[in-house]
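Asker: I have a structure here, written as structure tokens, and I will follow up with some questions on it.
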Amino acid sequence: MSKIKRFCICLLSYAVVFTVIFVTPAYAAGGYSDYINSVIEMVQDRYYKDIPEEELIEGVLRGIFDVMDEYTVFYSMDEADSFFSAMEGNYQGIGVELMETSEGALITRVFSNSPAEGAGILPDDIIVKVDGRDVKGFSTQDIANLIRGDKGSFVEIGVVRNFSSEILYFSVERNVVNLSPVTWVIYDDVMYIKLESFSSNSSHYFEQALKEADSKEIRKLILDLRNNYGGEVGQAVNIARLLVRKGIITTLDFKSEESMDAVYRSYLAKPRYVTAVLVNGNTASASEILASAIQDSGDGFLVGTKTFGKGVFQNLYPILKPSAYERYKKLYGESIVDGYEWMNKHKVQVYQSDIIGWTKITTGHYLTRNGKMIDGVGLNPDYPVEDYKLIEGIDINSIKQLESSATVGLNGVGNDVFNAERILKVKGYEIDTPDNILDAKTSNALKKYQAEKQINVTGALDYATRKHLNDDLNMLRNTIDRPFAKAIELLKLYN
């Protein structure tokens, strides 16, 4: 049996702090145990269906933790697995992003070091068969469900490439795929880094971005933490240690006297970069720890709007099954339901089979580098700038640079088509809802665009058209995304 997952702290909560020591009602002595036991007995006697006792115990646990703040919750084992997978930034599969088309599922992204990349699958391939099954007309979710499977098993993917009628087949071994929450783009002497969350691999991918910055001798960063709701405090600390000078990063102040307050520090003698941090009302929790460390240290500045003000943190604890609780109580004479407490205090080996579920519970406040408590208060930007708005329902920062070298003609498909259509729509051209198909309406818009740019008018998406669209995308980002433009302007003051 595998050991339970190791301790982690998640900064995802807000509101009142509670500390709960829960003794499983079916076995607790005194208090409300008889009352709850009687309720369970009544349900088992009178409810018209049979319900396993473990499910009833889960219901009791869920109810207890649900009365606290909205971020304190009880997870069943299945729910806990999903939560851990999300926090770890990985899943089991082949490593592709899909978009639904009439021809099949268009692959819009192949993740680095994924099984799909290793097998030779490329962006803009269209999946038409999975294990011999024709998937034309299937939803992307249905296709994804067919592709997913146990690690080490194989799936045969049939794709169409470059509008050919030939189907290429790839046998792909499913494996754990790590998803990067970090993307970056270089603008002259500035690197823009978008950090979407603080999952278990965030600092690793952030370091990859900095390695590229170093290789190009870039010392100016724009760190976009807008709409980043937080995640693991350890990841925020690891990234802060790359950006801020020696000193405190944050202090975790636990309510329980049994938990020692944690002080996280940076040991960097001299930062290599000046960092402009983009923030808004959805910059929360771990994002605020990182942003406040940069602001308080003077190694950067904040641009945008006031942050959320989520200044509390949570811990995850495994809860014993009633049978395991009773067994350990008889062996050691103590009433403890927290699996970690058994492991840490008494060196008891607790296994996955001993656990009924996990609780994520708010356990304390954190303080910024300068000792501020920002719960319900937030961080004020050094340079207040209203956040940008969607244009025609399109987020300018969700549009990616056009990268393919292949010319796409009428009725062709591709991820570049989707992004080209969004650029054109933001610029005011008559385009239907952007998809990945270069239909007649898109072709006509391209002809008009090409004529205005005084390039060859073909209605196709070719190299020259892509270059102009990429240039326009950069211009649009500076025009529409005013906090981004302000950060660029301010960074020009630094040599």
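Asker: Across segment 348-373, what is the total count of residues that are hydrophobic (A, V, I, L, M, F, W, C), over 30 Å from Ser82 (Cβ atoms) and crowded, with 18+ Cβ neighbours inside 10 Å? I'd like the intermediate steps shown before the answer.
Answerer: To start, the set of residues in segment 348-373 that are hydrophobic (A, V, I, L, M, F, W, C) comprises 348, 350, 355-356, 358, 361, 367, 373.
Narrowing further to those that are over 30 Å from Ser82 (Cβ atoms): 367, 373.
Still in the running and crowded, with 18+ Cβ neighbours inside 10 Å: 367.
Result for segment 348-373: 1.
Asker: Could I ask something else about it? Please go through segment 327-381 and give me each residue that is within 23 Å of Ile64 (Cα to Cα), in a strand (DSSP E or B) and of a type outside the set (D, E, K, R), ordered by number.
Answerer: Ile355, Ile356, Gly357, Trp358, Thr359, Ile361, Thr362, Thr363, Gly364, His365
Asker: Return yes or no: is Ser203 at pLDDT 90 or above, buried (at least 18 other Cβ atoms within 10 Å of the Cβ) and out of contact with any strand residue (DSSP E or B) (no Cβ under 7 Å at 6 or more places or on another chain)? So that I can check it myself, show each step before the final result.
Answerer: Details: at pLDDT 90 or above: yes; buried (at least 18 other Cβ atoms within 10 Å of the Cβ): yes; out of contact with any strand residue (DSSP E or B) (no Cβ under 7 Å at 6 or more places or on another chain): yes.
So Ser203 passes the test.
Asker: Give segment 386-405 a look and list any residue that's of a type in the set (Gly, Ala, Ser), assigned to a loop (DSSP other than H, G, I, E, B) and loosely packed, with under 14 Cβ neighbours inside 10 Å, or say none.
Answerer: Taking segment 386-405 and keeping what is of a type in the set (Gly, Ala, Ser), we get 393, 398, 404-405.
Subset that is assigned to a loop (DSSP other than H, G, I, E, B): 393, 404-405.
Answer for segment 386-405, where residues must be of a type in the set (Gly, Ala, Ser), assigned to a loop (DSSP other than H, G, I, E, B) and loosely packed, with under 14 Cβ neighbours inside 10 Å: Gly393, Ser405.
Asker: Across segment 241-260, what is the number of residues that are of a type in the set (D, E, K, R) and either surrounded by 14 or more Cβ atoms within 10 Å (Cβ to Cβ) or touching a residue at least 24 places away in the same chain (Cβ under 8 Å) (or both)?
Answerer: First, the residues of segment 241-260 that are of a type in the set (D, E, K, R): 241, 245-246, 253, 255, 257-258.
Okay, now just the ones that are also either surrounded by 14 or more Cβ atoms within 10 Å (Cβ to Cβ) or touching a residue at least 24 places away in the same chain (Cβ under 8 Å) (or both), so 241, 245, 253, 255.
Number satisfying all stated conditions: 4.
Asker: Can you find even one residue in segment 91-107 that is over 23 Å from Ser398 (Cβ atoms) and at pLDDT 90 or above?
Answerer: Checked segment 91-107: at least one residue is over 23 Å from Ser398 (Cβ atoms) and at pLDDT 90 or above.
Asker: OK, next. Only one of Ala276, Ala262 is modelled with pLDDT of 95 or more and of a type outside the set (Val, Ile, Thr). Can you tell me which?
Answerer: Details: Ala262 fails: modelled with pLDDT of 95 or more.
Residue meeting the stated conditions: Ala276.
Asker: Same structure, new question: Given the structure, is Tyr383 buried (at least 16 other Cβ atoms within 10 Å of the Cβ), farther than 21 Å from Leu98 by Cα and either acidic (Asp, Glu) or within 29 Å of the chain's Cα centre (by Cα) (or both)?
Answerer: On the way: buried (at least 16 other Cβ atoms within 10 Å of the Cβ): no; farther than 21 Å from Leu98 by Cα: yes; either acidic (Asp, Glu) or within 29 Å of the chain's Cα centre (by Cα) (or both): yes.
In short, no.
Asker: Now, a different point. If the Cβ limit is 9 Å and pairs must be 6+ apart or interchain, which residue in segment 409-423 that is under 11 Å from Thr442 (Cβ atoms) and of a type in the set (S, T, N, Q) pairs with which residue that is outside any helix (DSSP H, G or I) and modelled with pLDDT of 90 or more?
Answerer: Asn411/Leu438; Asn411/Asp439
Asker: Which residues, counting only those in segment 422-440, are buried (at least 20 other Cβ atoms within 10 Å of the Cβ), modelled with pLDDT of 95 or more and touching a helix residue (DSSP H, G or I) at 6+ places or on another chain (Cβ under 7 Å)?
Answerer: Within segment 422-440, Ile423, Leu424, Val426 qualify.
Asker: On the basis of being surrounded by fewer than 18 Cβ atoms within 10 Å (Cβ to Cβ), of a type outside the set (Phe, Trp, Tyr) and in contact with a strand residue (DSSP E or B) (Cβ under 9 Å, 6 or more places away or on another chain), does Lys306 make the cut?
Answerer: Working: surrounded by fewer than 18 Cβ atoms within 10 Å (Cβ to Cβ): yes; of a type outside the set (Phe, Trp, Tyr): yes; in contact with a strand residue (DSSP E or B) (Cβ under 9 Å, 6 or more places away or on another chain): yes.
Against the criterion (surrounded by fewer than 18 Cβ atoms within 10 Å (Cβ to Cβ), of a type outside the set (Phe, Trp, Tyr) and in contact with a strand residue (DSSP E or B) (Cβ under 9 Å, 6 or more places away or on another chain)), Lys306 qualifies.
Asker: Of the conditions (1) surrounded by fewer than 18 Cβ atoms within 10 Å (Cβ to Cβ); (2) part of a helix (DSSP H, G or I); (3) in contact (Cβ under 8 Å) with a residue 60 or more places away in the chain, Ala236 fails just one. Which one is it?
Answerer: Condition (1) is where Ala236 drops out.
Asker: Considering only segment 174-197, I want to know if a residue exists there that is part of a strand (DSSP E or B), aromatic (Phe, Trp, Tyr) and farther than 23 Å from Lys400 by Cβ. Give the steps one after another, and end with the answer.
Answerer: Start the filter on segment 174-197 by keeping residues that are part of a strand (DSSP E or B), which leaves 175-178, 182-187, 190-195.
When the remaining residues are screened for being aromatic (Phe, Trp, Tyr), the result is 184, 187, 192.
With the extra rule that they be farther than 23 Å from Lys400 by Cβ, the set shrinks to none.
There is no residue in segment 174-197 that is part of a strand (DSSP E or B), aromatic (Phe, Trp, Tyr) and farther than 23 Å from Lys400 by Cβ.
The values are calculated or read from the model by the stated rules, or taken from the named source; none is laboratory data. All values reported here derive from a predicted model rather than from experimental measurement. All Cβ positions, glycine included, derive from the backbone under ideal geometry; neighbour counts span all protein chains shown.
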